[in-house]
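Read through the structure below, which is laid out as structure tokens, and then see the notes.
The values are calculated or read from the model by the stated rules, or taken from the named source; none is laboratory data. Everything numeric here is computed off the predicted structure, so don't read it as measured data. No Cβ is skipped: glycine too gets one built from the backbone with ideal geometry, and neighbour counts run over all protein chains shown. Each accessible area value is taken on the protein alone, full model and side chains, heavy atoms only, with ligands, DNA and RNA left out. Shrake-Rupley method; radii C 1.70, N 1.55, O 1.52, S 1.80 Å.
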Amino acid sequence: MERAEFWVSLTVACLIRVPSEVVKQRAQVSPSSSTFQVLSNTLYQEGIQGLYRGYKSTVLREIPFSLVQFPLWESLKDLWSWKQGHVVDSWQSATCGAFAGGFAAAVTTPLDVAKTRIMLAKAGSSNASGNVLSALHNVWRSQGLPGLFAGVVPRMTAISLGGFIFLGTYDKTRRLLL
């Protein structure tokens, strides 16, 4: 995939991912409401724009995440291949994917925190405006560094597992097809 195609696919994927993420996160903080109620309330109170609150912050999180994860994955595979004297196996590629994904998740956690604050903000609040720098500043002011890295361990764990599965599967499938 060409670089331009990759970035287009990333931003288009966010068109699908963001509304589901908004509804999921709002349902998680409103356990007495069903998913359908959360969706209906969001549309009634904010319109379709409410489902896309956090779109820019999601894209702004995904770009640096990808810029870290994929080159790191390739570098780790190259290093492992060089150390053992032959190309890595798919399970080794998957392991490299897990480390790359976990590291990328850790360094982009502040952007994920800002995205979550923006998505969950009350309509009309300063965070609801979607300004990532403002959201980061608000977290820094109220909670400091621990606030910016809230949820880093579960985020790293989930994304490491995803990196292992998805990048390992990608590598194995690519080998089978080529």
| said: Where the second residue is open to solvent by 40 Å² or more (accessible area, probe 1.4 Å) and in a helix (DSSP H, G or I) and the first is within 15 Å of Val107 (Cβ to Cβ) and small (Gly, Ala, Ser) and lies in the range 63-82, which pairs have Cβ atoms under 6 Å and are six or more apart or on separate chains? | reply: none
| request: Scan the range 152-170 and report the pairs whose first residue is more than 18 Å from Ala114 (Cβ to Cβ) and whose second residue is β-branched (Val, Ile, Thr) and buried (at least 19 other Cβ atoms within 10 Å of the Cβ), with Cβ atoms within less than 7 Å and a gap of 6+ or a chain change. | output: Phe164/Thr95
| task | Residue by residue through the range 69-104, note down the ones that are touching a Ser or Thr at 6+ places or on another chain (Cβ under 7 Å), in a helix (DSSP H, G or I) and of a type in the set (A, V, I, L, M). | result | Ala98
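With the requirement that a residue be open to solvent by less than 80 Å² (accessible area, probe 1.4 Å) and outside any loop (DSSP other than H, G, I, E, B), what does the range 16-39 give you? First the steps, then the outcome.
Within the range 16-39, the first condition is being open to solvent by less than 80 Å² (accessible area, probe 1.4 Å), and the residues that meet it are 18-23, 25-27, 30, 33-34, 38-39.
Val18, Pro19, Ser20, Glu21, Val22, Val23, Gln25, Arg26, Ala27, Val38, Leu39 - these are the residues of the range 16-39 that are open to solvent by less than 80 Å² (accessible area, probe 1.4 Å) and outside any loop (DSSP other than H, G, I, E, B).
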| query | When the range 61-86 is examined, which residues are found to be surrounded by 16 or more Cβ atoms within 10 Å (Cβ to Cβ) and among the aliphatic types (A, V, I, L, M)? | reply | Val68, Leu72, Leu76
| remark: The residue from Gly168, Gly124 that alone is touching a helix residue (DSSP H, G or I) at 6+ places or on another chain (Cβ under 8 Å), more than 17 Å from Leu60 (Cα to Cα) and not aliphatic (A, V, I, L, M) is Gly168
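Kindly indicate whether Ala123 is over 17 Å from the mean Cα position of the chain (by Cα), surrounded by 14 or more Cβ atoms within 10 Å (Cβ to Cβ) and at pLDDT below 95.
Values: over 17 Å from the mean Cα position of the chain (by Cα): yes; surrounded by 14 or more Cβ atoms within 10 Å (Cβ to Cβ): no; at pLDDT below 95: yes.
Considered against the rule, which asks whether it is over 17 Å from the mean Cα position of the chain (by Cα), surrounded by 14 or more Cβ atoms within 10 Å (Cβ to Cβ) and at pLDDT below 95, Ala123 comes out as no.
Give the residues of the range 41-56 that are free of Cβ contacts under 8 Å to residues at least 40 places away in the same chain, open to solvent by 40 Å² or more (accessible area, probe 1.4 Å) and in a helix (DSSP H, G or I), sorted by residue number.
Step one: filter the range 41-56 for residues free of Cβ contacts under 8 Å to residues at least 40 places away in the same chain, giving 41-44, 47-49, 51-52.
Pick out the ones that are also open to solvent by 40 Å² or more (accessible area, probe 1.4 Å) and you get 41, 43-44, 48-49, 52.
Correct list: Asn41, Leu43, Tyr44, Ile48, Gln49.
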| said: Could you go through the range 156-163 and let me know if any residue there is among the small types (Gly, Ala, Ser), part of a helix (DSSP H, G or I) and closer than 22 Å to Val22 by Cα. | reply: yes
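Quickly run through the range 139-155 and pick out the residues that are outside any loop (DSSP other than H, G, I, E, B) and either closer than 15 Å to Val22 by Cβ or open to solvent by 40 Å² or more (accessible area, probe 1.4 Å) (or both).
Of the residues in the range 139-155, the ones outside any loop (DSSP other than H, G, I, E, B) are 139-148, 152-155.
Within the range 139-155, Trp140, Arg141, Ser142, Gln143, Leu145, Pro146, Val153, Pro154 qualify.
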